[in-house]
């Protein structure tokens, strides 16, 4: 199980792997508190978060958002909003129907000042 070491401003400053056996209760079920206690005994650091699939996050550039119990990637554009279900930021304008690589063959770039998708010409 991976645990994120959380630093100032809720930034992930390290990621450590902990053996499953060091995170299990008496019935061999995963218990985040047991894993955190193991890390606290090993490394004196006050804040650890288990990086479960539901919480996303696997990079040091992620930020922990306690209010939604989720890791958030770095926000690239001021106009985009975070979707806690998908675990990613979404633009204020939907992707074009021929957007590559999801639905078509045209590559686009987000134009923050124009709030639009512009064909990249590639």
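Annotations for the structure displayed:
- In region 54-89, the qualifying residues are those that are more than 21 Å from residue 115 (Cβ to Cβ), part of a loop (DSSP other than H, G, I, E, B) and more than 8 Å from the chain's Cα centre (by Cα), and the one that is modelled with the lowest pLDDT is 60.
- Region 17-50 - residue that is touching a strand residue (DSSP E or B) at 6+ places or on another chain (Cβ under 7 Å) and free of Cβ contacts under 8 Å to residues at least 12 places away in the same chain and, of those, farthest from residue 7 (Cα to Cα): 24
- If you go through region 10-41 and keep only what is in a helix (DSSP H, G or I) and surrounded by 13 or more Cβ atoms within 10 Å (Cβ to Cβ), you end up with 10, 22, 23, 32, 34, 35, 36, 37, 38, 39, 40.
- Pick from region 90-117, criterion modelled with pLDDT under 90 and in a strand (DSSP E or B), ranking: surrounded by the most Cβ atoms within 10 Å (Cβ to Cβ): 108
The values are calculated or read from the model by the stated rules, or taken from the named source; none is laboratory data. Owing to the predicted nature of the structure, the values given are computational and were not obtained by experimental measurement. Reconstructed Cβ throughout: ideal geometry from the backbone, glycine too, with neighbour counts over all protein chains shown.
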